[in-house]
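Asker: Take this structure first; my questions come after.
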Amino acid sequence: MGIKKRDFGQSVDGKPVHLYTLTNAGGMEVTITNYGATVVSLVVPDRDGKPADVVLGYDRLEDYIAGKQYFGCIAGRYANRIAEGKITLKGTEYRLTINDGDNHLHGGRRGFDKMVWQGQEFEDNVGIGLKFAYLSPDGEEGYPGNLACTVIYTIGAANELKIDYHATTDKASIVNLTNHAYFNLAGAGSGQILNHELMICADRFTPIDSCLIPTGEMRSVESTPFDFTRPTTIGARIDHDDEQLVFGKGYDHNWILNRDIAGPCLAARAYERISGRRLEVFTTQPGIQFYSGNFLDKEIGAKDGLTYYHRGGFCLETQHFPDSPNHPNFPSTVLDPGSKYEHTTIYKFTAG
Ligand code: GLA
């Protein structure tokens with residue numbers, strides 16, 4: 001078990017950026033940068049013990065600075081979309097930056113993915129990890145309140161990456177943090193993810209309009225291409241003539257998790273038959289955005305000289321539902337002064 005730190009360059013405003021590599025005895029090696037608190041690579045063994053990097057990313061900081069795919073980053077202050085960037089809190093309307101058509105996406109023009117976080121290595125009784133802190137100032141991208149955030153990545157003896165999220169504010173605000181890793185369990189850059197089998201522990205999802213904003217409905221997945229209650233390959237129904245798939249250009253939707261316990265519960269499982277690699281996602285969050293990499297299109301500058309193509313990775317973003325501030329029937333994303341935002345997500349890797 002150990003952590004190695006090296007330089008990764010400087011941000012545009014001259015802040016030093018580092019790469020931290022965490023290793024355990026199970027053959028897991030995770031590299032994370034304080035730029036966007038981003039997971040840059042995640043190496044895990046296949047069923048024969050052969051290692052591969054299973055997350056998409058870049059080799060160079062410049063590509064993260066210019067990148068628009070949110071590879072591996074922490075998305076915030078509000079991950080996912082807010083219709084027309086409008087929110088109302090305690091009778092006051094706030095206008096957030098519009099950066100996705102007419103809407104607000106992943107925190108705005110310069111979201112948490114483009115910030116230099118303060119990194120700190122640690123060791124505790126679970127294992128080793130990195131604690132990243134970022135103070136988002138009042139008014140940033142239109143959001144009210146100074147929001148103090150910490151994101152803690154921990155690995156232990158098992159091949160699990162645990163992410164703990166914390167935030168507090170000095171004025172009523174909204175918060176929704178997630179990790180935006182793109183996975184390809186056959187290895188990043190090895191091809192499309194359509195043959196991965198996916199299971200999502202959700203009987204319902206939140207349908208969207210043509211701009212990917214939830215309509216407010218919570219719809220049963222039964223007899224639709226959104227039913228992943230039993231393991232089904234991602235590609236099996238992705239091109240079906242279904243209005244929701246047309247709107248999303250594939251899967252780009254929030255599933256409502258069937259939660260039965262307060263702590264982290266199983267949200268999704270993905271399996272790649274050839275390598276035997278399996279990913280299980282556990283979370284305390286109420287939802288998960290399954291995004292099938294529909295906007296990936298010849299992504300140049302990818303790690304190891306590779307190019308990523310359409311649907312070359314998929315995301316399982318544990319989160320609150322998109323556009324929650326404008327849907328009173330969705331779980332609230334409001335954070336008041338004196339309250340704590342706390343969530344945990346675990347990405348667990350096995351092979352067999
Ligand atoms: C999210 C969104 C997608 C897309 C990606 C980034 O997951 O839901 O629509 O914007 O981020 O490309």
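The values are calculated or read from the model by the stated rules, or taken from the named source; none is laboratory data. Bear in mind that the values here come from a model prediction, so they are computed numbers and not experimental data. All Cβ positions, glycine included, derive from the backbone under ideal geometry; neighbour counts span all protein chains shown. Protein only, heavy atoms only, side chains kept; ligands, DNA and RNA dropped before computing areas. Shrake-Rupley method; radii C 1.70, N 1.55, O 1.52, S 1.80 Å.
Asker: Between the range 287-309 and the range 1-22, what's the alpha-carbon centroid distance in Å?
Answerer: Here the answer is 23 Å between Cα centres.
Asker: What GluC sites (Glu not before Pro) in the range 205-269 are in a loop by DSSP, with at most 15 other Cβ atoms within 10 Å of the Cβ? It would help to have the intermediate numbers written out before the result.
Answerer: On the way: sites: E217, E222, E243; in loops: E217, E222.
Loop-located and lightly packed - E217, E222.
Asker: Got a number for the accessible area of H320? Probe 1.4 Å, square angstrom, nearest 10.
Answerer: Result for H320: roughly 20 Å² accessible.
Asker: Tell me which lysines have Cα within less than 21 Å of K86's Cα, excluding those fewer than 8 residues away on the same chain?
Answerer: Within the straight-line cut-off, K86 pairs with K171.
Asker: Next question, about the same structure. Which one of P328, G101, A75 is farthest out on the positive end of the charge dipole of the chain, using unit charges on Cβ (Lys, Arg +1; Asp, Glu -1) and the Cα centre as origin?
Answerer: A75
Asker: For the range 248-322, what class follows from the C-alpha gyration tensor (a ≥ b ≥ c being the square roots of its eigenvalues): rounded when a/c is under 1.5, otherwise prolate if a/b is larger than b/c, else oblate?
Answerer: prolate
Asker: Indicate the gyration tensor shape class of the chain (rounded, prolate or oblate), computed on the Cα atoms with a ≥ b ≥ c the square roots of the eigenvalues: a/c under 1.5 is rounded; otherwise a/b larger than b/c is prolate and the rest oblate.
Answerer: On the way: a/c = 1.43, a/b = 1.07, b/c = 1.34.
Rounded is the answer for the chain, as its axis ratio a/c remains below 1.5.
Asker: Over the range 202-352, what is the mean sequence separation of C-alpha contacts under 8 Å (at least six apart), divided by residue count, expressed as relative contact order in percent? If you can, show how the numbers build up before the last one.
Answerer: On the way: 276 pairs, mean separation 33.5, N = 151.
It comes to 22 percent, rounded to a whole number.
Asker: What is the chain's relative contact order, in percent, from Cα pairs under 8 angstrom and six or more apart in sequence?
Answerer: Relative contact order comes out at 18 percent.
Asker: Here's another thing I want to ask about it. Under a point spin-label approximation (7 Å from Cα along Cα-to-Cβ), what is the E217-D7 distance to one decimal in nm?
Answerer: 5.6
Asker: Could you grab the relative contact order for the range 93-225? Cα pairs under 8 Å, six or more apart, rounded to a whole percent.
Answerer: Working: 179 pairs, mean separation 17.9, N = 133.
Relative contact order here is 13 percent.
Asker: Holding the Cα-Cα limit at 21 Å, pick out from K4/K131; K68/K249; K162/K249; K114/K303; K15/K114 the pairs that are longer than that.
Answerer: Where the Cα-Cα span goes over 21 Å, the pairs concerned are K162/K249.
Asker: Note the full-extension length gain between S339 and H240 as 0.36 nm times their separation in residues minus their Cα-Cα distance, in nm to one decimal.
Answerer: Taking 0.36 nm per residue and subtracting the Cα distance, the gain is 31.2 nm.
Asker: Any idea what the dipole of the chain comes to, in debye rounded to 20, about its Cα centre with Lys/Arg Cβ at +1 and Asp/Glu Cβ at -1?
Answerer: 460
Asker: Need the C-alpha centroid separation for the range 134-149 versus the range 25-86, integer Å.
Answerer: That distance is 23 Å.
Asker: Report the full-extension gain for the segment Y309 to K249: residue separation times 0.36 nm, less the Cα-Cα distance, to one decimal in nm.
Answerer: Computed gain between Y309 and K249 is 20.1 nm.
Asker: Hey, with R₀ at 56 Å, roughly what FRET efficiency would R259 and D59 work out to, going by the Cβ-Cβ distance, to 0.05?
Answerer: In this case the efficiency is close to 0.90.
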